[in-house]
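Asks: Got a structure for you, questions after.
Nothing in this text is a laboratory measurement; each read-out follows from the coordinates by a stated rule. Treat the numbers as computed from the prediction; the structure is a model and nothing was measured. Cβ sites come from the backbone with ideal geometry, for glycine too, and all protein chains shown count toward neighbours.
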Amino acid sequence: MKEKAVRYSGYFDEYELASSALLHAPLGAMLAISDFQVEIPEVLQAIRFHTTGHQAMTDFDKVVFLADALEPGRDFPGVERLRRDVFRDLDHCMLLMINSTLEYLKKKKWLIHPRIYELKKKIKGKLEKQYGATGISDSLR
Ligand SMILES: [Fe+2]
């Protein structure tokens with residue numbers, strides 16, 4: 001994977017080059033172009049950021065992010081509830097998924113891309129505007 005990353009150097013940031021868990025997202029977007037002739041910017045963006053997200057995620061980006069996180073092979077605590085609730089409130093599920101991911105990454109002591117903290121702040125702010133600072137959990141009741 002690193003050899004292909006070097007071939008597309010400049011497209012990857014320092015965090016992605018330091019972690020194959022992070023690298024597979026931008027590399028996947030590049031392979032979608034080179035090996036599958038995908039040219040739809042919205043699709044490439046969703047693949048590119050499906051691991052860390054980004055501050056200006058579209059609903060399509062969020063669906064791809066959550067589809068990857070909640071696919072049938074995933075078995076982390078709470079995954080069944082998230083699979084059910086994702087159809088009720090996309091942003092709330094994004095926040096829960098981000099929190100779960102951060103907890104997992106910290107426990108494993110894996111590299112955390114700062115983009116995911118920016119995304120968490122953005123989504124939390126949006127939910128607080130919508131439900132109030134203490135009412136976010138009401139969105140899934
Ligand atoms: Fe992935």
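Asks: Sort MET57, MET94, MET30 by Cβ crowding within 10 Å, fewest neighbours at the top.
Replies: Exposure proxy ranking, most exposed first: MET30, MET57, MET94.
Asks: Defining a contact as two alpha carbons under 8 Å apart and six or more residues distant in sequence, what relative contact order in percent does region 47-129 show?
Replies: Computed value for region 47-129: 36 percent relative contact order.
Asks: If you only keep lysine pairs separated by 8 or more in sequence, or across chains, how many in region 89-141 come under 23 Å at the Cα atoms?
Replies: Number of lysine pairs found: 13.
Asks: Using a 10 angstrom Cβ neighbour count of at most 16 plus a DSSP loop assignment to flag exposed chymotrypsin sites (Phe, Trp or Tyr not before Pro), which longest range of the chain is free of such sites?
Replies: Formally, the longest exposed-site-free interval is 12-86.
Asks: Also, quick follow-up: Among the GluC sites (Glu not before Pro) in region 34-141, which ones are in a DSSP loop with at most 10 other Cβ atoms within 10 Å of the Cβ? Mind listing them?
Replies: Answer by residue number: GLU39.
Asks: If you don't mind, another one. Of PRO41, LEU22, ILE98, which is farthest along the charge dipole of the chain in the positive direction, counting Lys and Arg as +1 and Asp and Glu as -1 at C-beta?
Replies: ILE98
Asks: Given R₀ = 25 Å, what would the calculated FRET efficiency be for PHE87 paired with ALA133, taking r from the Cβ atoms and rounding to 0.05?
Replies: Approximately 0.50, to the nearest 0.05.
Asks: To the nearest 0.05, how large is the calculated FRET efficiency for LEU105 and LEU17 if R₀ is 22 Å and r is the Cβ-Cβ distance?
Replies: Efficiency for this residue pair is about 0.80.
Asks: I need the per residue convex hull volume for region 45-116, using only the alpha carbons, in cubic angstrom as a whole number.
Replies: 89
Asks: P(r) for the chain: what percent of alpha-carbon pairs falls in each 10 Å bin, starting at zero?
Replies: Histogram of Cα-Cα distances, whole percents per bin: 11, 39, 35, 13, 2.
Asks: Quick one: if you take sqrt(5λ) for each eigenvalue of the C-alpha gyration tensor of region 76-141, what semi-axes come out, biggest first, whole angstrom?
Replies: Equivalent ellipsoid of region 76-141: 21, 16, 9 Å, largest first.
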